[in-house]
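The values are calculated or read from the model by the stated rules, or taken from the named source; none is laboratory data. Predicted, not measured: the structure shown is a model, and the values here were computed from it. Note that we place each Cβ from the backbone using ideal geometry, even for glycine, and neighbour counts take in every protein chain shown.
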Amino acid sequence: MTTTQRPVVPPEAEISVNSVVARLRQIARHTPQRVALREKEFGIWQETSYLEYWDAVRTVGMALRSLGVEPGDVVAIHSENRKAWVISDLGAQSVGAVSVGLYPTNPTPEVLYLLQHSEARVLIAEDQEQVDKALAVKDQLPQLRKIIYIEPRGVRSYPDPLLMSWTEFMELGEDALASDPTFVDRLVDDIDPDSLATLVYTSGTTGPPKGAMLSHRNIVWVMDRVPEVVAAGLTEMPDPVEILSYLPLCHVAEKLYSTINVLYFAGIVNFAESIDTVATDLREVQPTVFLGVPRIWEKLHAGILLRMQDASPSKKYVFGLAMKAGMWNADRILETGRRGFLGDLVHWPFHVLCYRSLKDKIGMRHAVGALSAAAPIAPEVLKFFMALGVPIFEGYGQTENTAYATVNRTG
C-alpha cells in the first residue's frame, strides 16, 4: 500500500481519548437516549440515539471480524452520505481496521485503482450501481473478500458468492456479539492512538490519488481543538449542535464535520436525501452550524436576490433598508469585531422585519455560525451573510493534517 507521509501530529501530543470510537462510546454511556443521527425513510425523519449508534458500530465491528478482517486491514465504503456510512466507518475503526471512502461518482477504473491501492479486504457498497463497478473488476482484486450491499434492489438476485446483504452482514455481527458482548469494548480500549485509523485519498490533480494516512491521534487531536475554532468567532454553541451532512464523506472536510467534530459536542448529524435536495433539507433541519463550499453560498446568495426581484414593492423597500443597515453593521464588525450596542439597536428591528424570514427560507434560522472551505469565496458574499446575521468563517486545511490549519476570527 503506497501512501503519503504520515501526518504531523507527534506521538507525544496529548489527546482526550484514544480514538473517536472511544468518544462515541463515552457519549453512549453517559447520555444513551441523546439523538445522534437523523435520516429520512419514505420522506419521514427517523432518529437514532447515541446508544443505538454505538450498538450498530459494535455490530459492524463484530461482523467484520467474523469475515476475517484483522487490525490494519482496510474496509472501503462506496456510498452517498447516510447512516450506514458513518456506522461502517467507525465500525471498522472499532476493531482496529482502517476505513477508506470512495466518491459515489468514481467510475469503474478509479474504483479499481482505489481498491487495489488501498488493498481493501471488504467493500461496503450502497446499491446496484456501486456493486456493478466492483464486480466488473473483481478478477483484478484478489485481496477483496466480500462486498456488502446496503440497498438490495437489483442485487439480491446476483449469484456471486462475493456478495452479502447489509441485513445478513448485521445479523452476522449480532450473532458474534451475542457470544462475546465485550469483545469490541476490549479492542477499543486497546487501540494504539498512533495506529492508522483511516485513509483519505486526495483528488489526484498532479497524478494518481494518494492515500493520506490519518492516525487515531491525528483525528482526536483535531477533535480536541474544536474549542479553539469556536473561540475564533462564536461566543457559545447551542445544545444540541445540529448539522446537515451532504458533502462527500470520503472528503476530509466532511469527515471532520460529520464524524469527528460533531462528536465533541455530542451533536446531531442529519443526512441530506441527496445533493439535489440540500435546499429543502436545509429548510427542514435548520442546522445550528453549516459547512458549505463557496458554490453553495453563492447559490443561496443568488437565490435570495432573485426571489426579491419578484417581491412586492413594499417588501423590496424593506429589504433595501435592511441590507443598508446590515451592511453598515457588517462594516462595524469588520472594523471592531462586533456590532456593539448601537449596532444591535439597528439590527433587531430588521431582524424581525426581514432577516429572520430570509434566514428561515434558506435554512439558517438557528445558525450561530457557518463555514466555507475548499476554495476562495467572494468577499461580497461573506459580507452579505454577515449583514443577515449569519457570519461565515473561512477554514483552510490539508488532507494530510486532517483539514485543520487555519480559520479566521470575527471581523
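For the range 141-171, residues that are touching a residue at least 12 places away in the same chain (Cβ under 8 Å) and among the acidic types (Asp, Glu) total 2. When Asp239 is tested against (1) charged (D, E, K, R); (2) outside any loop (DSSP other than H, G, I, E, B); (3) out of contact with any Leu (no Cβ under 9 Å at 6 or more places or on another chain), only condition (2) is not met.
Exactly one residue out of Lys133, Lys138 is among the charged types (D, E, K, R) and in contact (Cβ under 8 Å) with a residue 40 or more places away in the chain: that is Lys133.
In the range 374-411, what residues are within 18 Å of Ala253 (Cβ to Cβ) and aromatic (Phe, Trp, Tyr)? The answer is Phe393, Tyr396, Tyr404. Among the residues of the range 69-89, those identified as farther than 16 Å from Lys40 by Cβ, buried (at least 24 other Cβ atoms within 10 Å of the Cβ) and touching a strand residue (DSSP E or B) at 6+ places or on another chain (Cβ under 8 Å) are Val74, Val75, Ala76, Ile77, His78, Ser88, Asp89. Out of curiosity, is Thr235 at pLDDT below 95, β-branched (Val, Ile, Thr) and either over 29 Å from Asn270 (Cα atoms) or crowded, with 18+ Cβ neighbours inside 10 Å (or both)? When the stated conditions are applied, Thr235 does not pass them.
Within the range 153-174, the presence of a residue that is at pLDDT 95 or above, under 24 Å from the mean Cα position of the chain (by Cα) and of a type in the set (Asp, Glu) is excluded. Residues in the range 365-381 that are over 22 Å from Pro238 (Cα atoms) and either touching a residue at least 24 places away in the same chain (Cβ under 8 Å) or β-branched (Val, Ile, Thr) (or both): Ala373, Ala374, Ala375, Pro376, Ile377, Ala378, Val381.
Selection of the range 238-252 for residues being out of contact with any His (no Cβ under 8 Å at 6 or more places or on another chain) and either of a type outside the set (A, V, I, L, M, F, W, C) or modelled with pLDDT under 90 (or both) yields Asp239, Pro240, Ser245, Tyr246, Pro248, His251. Among the conditions (1) more than 26 Å from Leu244 (Cα to Cα); (2) part of a helix (DSSP H, G or I); (3) touching a Ser or Thr at 6+ places or on another chain (Cβ under 9 Å), Leu345 misses just one, which is (3). Every condition in (1) in contact (Cβ under 8 Å) with a residue 60 or more places away in the chain; (2) hydrophobic (A, V, I, L, M, F, W, C); (3) in a helix (DSSP H, G or I) holds for Leu291 except the one numbered (3).
Annotation: Thr182 fulfils all but one of (1) within 25 Å of Ser118 (Cα to Cα); (2) out of contact with any Cys (no Cβ under 8 Å at 6 or more places or on another chain); (3) of a type outside the set (Phe, Trp, Tyr); the unmet one is (1).
Scanning the range 247-266 for residues that are part of a loop (DSSP other than H, G, I, E, B) and crowded, with 22+ Cβ neighbours inside 10 Å yields Leu247, Leu249, Cys250.
Of Ala367, Ala330, Ala302, Ala311, all but one fail to be within 28 Å of Ala253 (Cα to Cα) and outside any helix (DSSP H, G or I); the exception is Ala367. For the range 164-219, the tally of residues that are in a helix (DSSP H, G or I), of a type in the set (Phe, Trp, Tyr) and farther than 27 Å from Pro152 by Cβ stands at 1.
Scanning the range 27-45 for residues that are free of Cβ contacts under 8 Å to residues at least 40 places away in the same chain and in contact with a Leu (Cβ under 9 Å, 6 or more places away or on another chain) turns up Ala28, Arg29, Pro32, Gln33.
Could you say which residue among Ser157, Ser203 is among the small types (Gly, Ala, Ser), out of contact with any helix residue (DSSP H, G or I) (no Cβ under 7 Å at 6 or more places or on another chain), within 21 Å of Thr402 (Cα to Cα) and in the same structural domain as Gln93 (by TED's automatic domain parsing)?
Going through Ser157, Ser203 in turn, the sole match is Ser203.
Of the residues contained in the range 179-199, none is found to be within 23 Å of Ile124 (Cα to Cα), out of contact with any helix residue (DSSP H, G or I) (no Cβ under 8 Å at 6 or more places or on another chain) and surrounded by fewer than 17 Cβ atoms within 10 Å (Cβ to Cβ). Any residue in the range 267-277 that is in a strand (DSSP E or B), buried (at least 23 other Cβ atoms within 10 Å of the Cβ) and among the hydrophobic types (A, V, I, L, M, F, W, C)? Yes: one or more hits.
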